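**Student:** Handing you this structure, nothing more for now.
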């Protein structure tokens, strides 16, 4: 139940922030928070991460439905807390941007950074969820996940032969 509340709360935070910037977009053409580093800049992203694949809205909608279904299946199948946390963040982020694509036809982005003078792509709360979720998933896969041990089919088909059955009786 806590997982569902977490996903819903993250989606609500994402949607509220997007609604705010969408409703006040004229104020946020490029609102300076920290000079030469952090700005609030309203942007309509019609593509995927970093604005790639512009105008593939229906493909993103279908892909998101499939991806969220797979993530929910893995969530229900696995009990590890880190994996479930990663999947919650990924699901919340995917659904947050899905709602935008479905209702508006684009994703609202507004967080704009210039680290070390580099113009980093504008992003939103859902993107943060996806990024942190992917990072946690990578940590889980690299340091925690273990492949289940498989039984050797040869061992099952040919059980070991005892010395007596083999004719090597040493009396």
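Read-outs throughout are calculated quantities, based only on the coordinates presented, and are distinct from any laboratory measurement. Note that the coordinates shown come from a computational prediction; the quantities given were computed from them, not determined experimentally. For neighbour counting, all protein chains shown are included, and Cβ atoms are generated from backbone atoms with ideal geometry for every residue, glycine included.
**Student:** Could you sort the peptides 141-148, 20-27 by per-residue average Cβ neighbour count (10 Å cutoff), highest mean leading?
**Tutor:** Numbers: 141-148: 8.0, 20-27: 13.1.
Final packing ranking: 20-27, 141-148.
**Student:** What percent of all Cα-Cα pairs in segment 1-134 falls in each 10 Å bin, counting up from 0?
**Tutor:** Percent of Cα pairs in each bin: 12, 40, 33, 13, 1.
**Student:** Further question: By its C-alpha gyration tensor, with a ≥ b ≥ c as the square roots of the eigenvalues, how is segment 63-152 shaped: rounded for a/c under 1.5, else prolate for a/b larger than b/c, else oblate? Intermediate values should be presented prior to the final figure.
**Tutor:** Values: a/c = 3.22, a/b = 1.61, b/c = 2.00.
Since a/c reaches 1.5 but b/c is at least a/b, the shape of segment 63-152 is classed as oblate.
**Student:** Further, regarding this structure: Students often get this wrong: which residues of segment 5-22 have the backbone nitrogen under 20 Å from the point 7 angstrom along Cα-to-C-beta of residue 61?
**Tutor:** Answer for this model: 15, 19.
**Student:** While we're here: When N counts the residues of segment 1-45, how does its alpha-carbon radius of gyration compare numerically with 2.2 N^0.38 Å, as a ratio? Intermediate values should be presented prior to the final figure.
**Tutor:** Numbers: Rg = 13.9 Å, N = 45, 2.2 N^0.38 = 9.3 Å.
Ratio of Cα Rg to 2.2 N^0.38 Å: 1.49.
**Student:** Take peptides 87-95, 125-133, 108-116 and line them up by average Cβ neighbours within 10 Å, highest first, as a rough protection proxy. Kindly include the intermediate steps, with their values, before the conclusion.
**Tutor:** Working: 87-95: 23.9, 125-133: 21.0, 108-116: 17.7.
My ranking of the peptides, most packed first, is 87-95, 125-133, 108-116.
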